[in-house]
1. Using the reciprocal of the averaged 1/r over all distinct C-alpha pairs, how large is the Kirkwood radius of the chain in Å?
2. Using 0.36 nm per residue of separation minus the Cα-Cα distance, give me the extension gain between residue 169 and residue 87 in nm, one decimal.
3. From the square roots a ≥ b ≥ c of the eigenvalues of the alpha-carbon gyration tensor of the stretch 43-124, which class results: rounded (a/c under 1.5), prolate (a/b over b/c), or oblate?
4. For the stretch 126-228, what is the Kirkwood estimate of the hydrodynamic radius, computed as the reciprocal of the mean inverse distance between distinct Cα atoms, to one decimal in Å?
5. Quick check on the chain: helices-only [θ] at 222 nm, where DSSP H runs of length 4 and up contribute -39,500 (n - 2.57) each and the sum goes over total residues. Nearest 500, please.
6. Please arrange 172, 178 by counting, for each residue, the other beta carbons lying within 10 Å of its beta carbon, fewest first.
7. For a footprinting-style exposure proxy, rank 213, 67 by other Cβ within 10 Å, fewest first.
8. Taking every pair of Cα atoms in the stretch 71-205, average 1/r, invert it to obtain the Kirkwood radius, and report Rg/Rh to two decimals.
Ligand code: SF4
């Protein structure tokens with residue numbers, strides 16, 4: 001009997017492929033495939049709970065918040081930009097990343113939380129790497145677009161807004177913890193780095209890839225904010 005891709009457990013797939021991975025390409029391909037299978041699993045899950053998130057490609061209210069990502073996520077995005085973006089798009093994204101890094105270098109960590117800073121991976125109002133976006137972007141779901149607009153209009157607001165689905169939140173927490181633990185168990189660094197800094201450094205410095213594959217900390221010592 002033929003096994004359909006919908007029958008494949010994303011966790012089994014990632015576990016097996018990471019175990020067999022010999023280079024960065026094997027690793028990035030396994031994460032890309034994981035996202036594809038996992039997106040489908042989440043679609044089925046939310047339908048079964050009759051939960052409807054309002055998130056979709058092209059909605060970018062929360063793309064002005066600070067995003068952290070692990071090295072495997074940052075390198076997946078950097079490699080995608082190198083391979084699949086035209087020279088013109090690469091140059092646009094490099095310029096956006098440089099502007100972003102220069103702006104963040106002049107503020108504190110706390111200051112970044114309280115302001116809207118457009119993600120440098122936004123291109124003409126759309127996430128330019130949407131299928132490969134980091135786990136933190138995926139898990140930051142919303143059930144209510146009015147809350148997203150409110151938080152965008154009031155970046156210094158500190159209270160809770162909108163509703164969440166406890167089951168869905170717990171499922172994302174579990175997914176992220178599981179994926180990160182698989183990387184850690186295989187010896188890869190999963191320390192967070194600010195997304196724009198990480199992607200720019202990965203595009204400009206080939207030692208990032210070498211260090212990651214060599215199971216070292218590729219972004220160790222990277223200064224981002226004024227108070228780092
Ligand atoms: S990576 Fe994409 S989804 Fe995440 S904040 Fe940036 S533009 Fe938004």
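All of the numbers you see were taken from the coordinates with simple rules; none came from a lab. Note that this is a predicted model, so its numbers are computed, not measured. Positions of Cβ are generated from backbone atoms using ideal geometry, with glycine treated the same way; all protein chains shown enter the neighbour counts.
1. 18.7 Å
2. Stretched out fully, the residue 169 to residue 87 stretch lengthens by 25.6 nm.
3. oblate
4. 16.5 Å
5. When only DSSP H runs of four or more count, the value is -17000 deg cm²/dmol.
6. 178, 172
7. Result, fewest neighbours first: 213, 67.
8. 0.97
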